[in-house]
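Here's the structure we're looking at; comments come further down.
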Amino acid sequence: MLLKTGRHIVCTLAAIGALAASASAQTTLKVALHSDLKIIDPIWTTALISTHHGNMIYDTLFALDGKLEVKPQMVDTWTVSPDKLTWTFTLRDGLEWHDGKPVTAEDCVASIKRWGAKDSMGQKLMGVVADLSAPDAKTIKMVLKEPYGLVLESLGKSSSNAPYMMPKSVAATDPNTQITDATGSGPFIFKKDEWRAGEKAVYVKNPKYKPRNEPASGLAGGKVAKVDRVEWLTLPDTQTQVNALINGEVDLVEIVPPDLLPLLAKEKNIKVTVVNTAGRQYAMRFNVLHKPFDNAKVRQAVLYALTQKEFLEANVGNPTYYKECKSLFPCGSPLESTKGWDDKISGNIAKAKALLAEAGYDGTPIVLLHQTDTPGHNNLATVAKAQLEKAGFKVDVQPMDWQTLVTRRAKKDAPDKGGWGAYFTSWGATDVLNPVSAAFLNASCDKATFGWSCDAELEKLRDAYAREPDPAKQKQIAEAVQLRVLDYPTHVPLGQFTTPTAIRTNIDGLLQTPSLALWNVEKK
């Protein structure tokens, strides 16, 4: 019988072999994101694309889950002394760097210190830390000068700048110098040898990563890499990205402009979702080091000259995905308030002109950095130019791609010597939930983020917020911050929005997160 059916057996074995080969073949997820990756140091920059990169390759001590609650990640257990001054964290078993070396508490201490020198929340936390040490390989000990209410919220910050853990040798890099070593301990490994800025970035599954036992939720829980390889492809514009998605050349487009959504609605193999349901907040950031924005009254004129709705209509377009919000803190969040801001950001040109006259504005041009390549942001500067010129400002719009802008905004040179006067960006709602987390409210002068706000009163209020345990009193302090920003403007909030993400229907498991996470994603 076997001899008679030998040919059939050979054919069957060949088919089985083909199936086995197919099952073991690498699964590659191809995605088109909002920006090219040029900076791989998510501590040096707050750029969202670098945070996405950080999520791929690094891990954190704590993280926010889908309910925006802080959960342990690299930490197994922790204790707090009765006087609330000594915090002890124990790392979980199985943590390993991509080069095979074990993660140690010393690595984490060095990472916290580097992050704490740059990040808004990190600076406040480190300001009350008396001692940070590693008594043994798995224990982190943090001794505070006084009780501090935002310890876990700081270590669990899950957006720019997130406190990613790095090897001590990497974390020893000056925080104002970009790292070049991308060794992490997260679910994916960065293939630096395949990285081509302007073309693609490549990540492969970390076979030694041991995820937590919990289901994935937000940026917390079990980070299970379900694809073998992820390619971030840099495509020139959103129309090209959408065409590539329709043709099956990419599996995900991170940001689809609302005007292209009708095109995707016709495609049965594509579905649209919102990853960051909390949304984002547009903002115009002032550089207070140089004219004209070294004068607070000139900045106040901008608060009156601009109007939110025009920014939202020009950059988002579909009211389903945007809303006006005259609150420094996100509308819908516990600290939402319009106190003091009801008559601002409404296009009051007469008031803006009066303030410019009081300020003695001499016609110094605003060097306005204009990002041209980021969906949903590439009309911000052009809208502002028209509104500011109506009020009497001279405006010099300088177009560039986002990654060039990210590098240039770090320069403190005068605007006419390669520096800048203002630029536009957006923050995730989770970035700006309170006065301590919001980087643009950091007014610690040279330690503040790009723009270098410098105001002792704002810093006193931020310190008071961090120390206050009563939510009702926290809200009062937050409103005081809003009022102080009217006297000392640091930035202008320009409304809230969400962004549609499009994926092919054979992609499952995309998590709702404040910044993109590609673990738990399965390609069928």
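The values are calculated or read from the model by the stated rules, or taken from the named source; none is laboratory data. As the structure is a computational prediction, the values presented were derived from the model and not from experiment. All Cβ positions, glycine included, derive from the backbone under ideal geometry; neighbour counts span all protein chains shown.
Side notes on the structure shown:
- Test: residue in the range 336-344 that is touching a Lys or Arg at 6+ places or on another chain (Cβ under 9 Å), within 17 Å of residue 423 (Cα to Cα) and among the β-branched types (Val, Ile, Thr): no
- Scanning the range 253-294 for residues that are under 19 Å from the mean Cα position of the chain (by Cα) and of a type in the set (A, V, I, L, M, F, W, C) returns 253, 255, 256, 274, 275, 278, 283, 284.
- Test result for residue 154, modelled with pLDDT of 95 or more, surrounded by 24 or more Cβ atoms within 10 Å (Cβ to Cβ) and in a loop (DSSP other than H, G, I, E, B): no
- Hey, residue 263 surrounded by fewer than 17 Cβ atoms within 10 Å (Cβ to Cβ), touching a helix residue (DSSP H, G or I) at 6+ places or on another chain (Cβ under 7 Å) and not in a strand (DSSP E or B) or not: yes
- The sole residue among 347, 340 that is at positive phi and in contact with a Ser or Thr (Cβ under 6 Å, 6 or more places away or on another chain) is 347.
- Residue check for residue 143: assigned to a helix (DSSP H, G or I) and either under 27 Å from residue 441 (Cα atoms) or within 27 Å of the chain's Cα centre (by Cα) (or both): no
- Looking only at residues of the range 467-505 that are out of contact with any Asp or Glu (no Cβ under 8 Å at 6 or more places or on another chain) and over 30 Å from residue 455 (Cα atoms), we find that the one that is surrounded by the most Cβ atoms within 10 Å (Cβ to Cβ) is 502.
- Residue 285 passes every criterion in (1) charged (D, E, K, R); (2) part of a loop (DSSP other than H, G, I, E, B); (3) under 23 Å from residue 480 (Cβ atoms) apart from (2).
- Taking the listed residues 131, 93, 83, the one that is more than 27 Å from the chain's Cα centre (by Cα), farther than 15 Å from residue 62 by Cβ and in a strand (DSSP E or B) is 131, with no other qualifying.
- The helices (runs of 4 or more DSSP H) found entirely in the range 323-417 that carry 1 or more residues being closer than 21 Å to residue 301 by Cα and among the acidic types (Asp, Glu) are 349-359, 380-390.
- Summed over the range 162-184, the residues that are closer than 16 Å to residue 108 by Cβ and either without any contact (Cβ under 8 Å) to a residue 40 or more places away in the chain or touching a Pro at 6+ places or on another chain (Cβ under 7 Å) (or both) give a count of 5.
- Among the residues making up the range 266-285, those that are surrounded by 17 or more Cβ atoms within 10 Å (Cβ to Cβ), within 25 Å of residue 327 (Cα to Cα) and out of contact with any Asp or Glu (no Cβ under 9 Å at 6 or more places or on another chain) are 276, 278, 279, 282, 283, 284, 285.
- Matching residues, the range 373-427, being crowded, with 19+ Cβ neighbours inside 10 Å, more than 19 Å from residue 498 (Cα to Cα) and among the charged types (D, E, K, R): 409
- Residues (under 19 Å from the mean Cα position of the chain (by Cα) and either of a type in the set (Ser, Thr, Tyr) or on the phi > 0 side of the Ramachandran plot (or both)) located in the range 96-126: 111, 120
- Test set (1) part of a loop (DSSP other than H, G, I, E, B); (2) of a type outside the set (Ser, Thr, Tyr); (3) more than 30 Å from residue 75 (Cα to Cα) - residue 224 fails condition number: (3)
- The residues of the range 27-60 that are acidic (Asp, Glu) and within 18 Å of residue 234 (Cβ to Cβ) amount to a single one, 36.
- Candidates 216, 197, 225, 201, filtered to the one that is hydrophobic (A, V, I, L, M, F, W, C), surrounded by fewer than 17 Cβ atoms within 10 Å (Cβ to Cβ) and under 23 Å from the mean Cα position of the chain (by Cα): 197
- Scanning the range 68-91 turns up one or more residues that are at pLDDT below 95 and on the phi < 0 side of the Ramachandran plot.
- Qualifying positions in the range 165-178 - part of a loop (DSSP other than H, G, I, E, B) and surrounded by fewer than 21 Cβ atoms within 10 Å (Cβ to Cβ): 172, 173, 174, 175, 176, 177, 178
- Candidates 346, 333, 337, filtered to the one that is more than 30 Å from residue 518 (Cβ to Cβ), among the small types (Gly, Ala, Ser) and in contact with a helix residue (DSSP H, G or I) (Cβ under 7 Å, 6 or more places away or on another chain): 337
- Close pairs (7 angstrom Cβ cut-off, 6 or more residues apart or separate chains): more than 13 Å from residue 438 (Cβ to Cβ) in the range 472-483, of a type in the set (Lys, Arg) and surrounded by fewer than 19 Cβ atoms within 10 Å (Cβ to Cβ) anywhere: 479/339; 483/339
- Of the residues making up the range 444-474, just one is at pLDDT 95 or above and in contact with a Leu (Cβ under 6 Å, 6 or more places away or on another chain), namely 452.
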